[in-house]
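Input: a single structure, listed below in structure tokens.
The values are calculated or read from the model by the stated rules, or taken from the named source; none is laboratory data. No experiment lies behind these values; they were computed from the predicted model shown. The accessibility values were calculated without ligands, DNA or RNA, using every heavy atom of the protein model including side chains. Shrake-Rupley method; radii C 1.70, N 1.55, O 1.52, S 1.80 Å.
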Amino acid sequence: SLLKRYPLIIMTVVIGKQQNWHGPRGSHIDLRRGTVRKILFMLREKHPGDDNEKRLPRIAKSLEYRLYLKAETRAAYVNERTLKKRLRTIVRQVYASAGQPLPIACDDEPNPTLIQEEEAAH
């Protein structure tokens, strides 16, 4: 098999991207904490006064972990311009793998409840 003949080459190809920048456990702790804070801020901004406020830090950590694992480079991981899009992709994947429909609030579509409340107020 190829793995027996070329173990280092195969291992480098399979896990090389991750080893290139991820490094040993805990090597990017400050960077990752900052990303968790950004995600938490975004969640609180999108869901102000949510009943699930206590769960948001755990959700932010979970999303960050998935971002971290998926990023092929450090630059891709810290790119704030693509952060929202990458988070949306992860949320969609999580819901799809669970076989659940995506909540409207996870899309960029306006919240229909808020629109109805605004229309009723005018």
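A compact table of results
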{"item": "Heavy-atom surface of segment 33-98, accessible at 1.4 Å and reported per residue (Å²)", "result": "71 Å²"}
{"item": "³J(HN,Hα), Karplus 6.51/-1.76/1.60, whole Hz, each residue of segment 55-65, x for Gly, Pro", "result": "7, 4, x, 5, 5, 4, 5, 5, 5, 4, 4"}
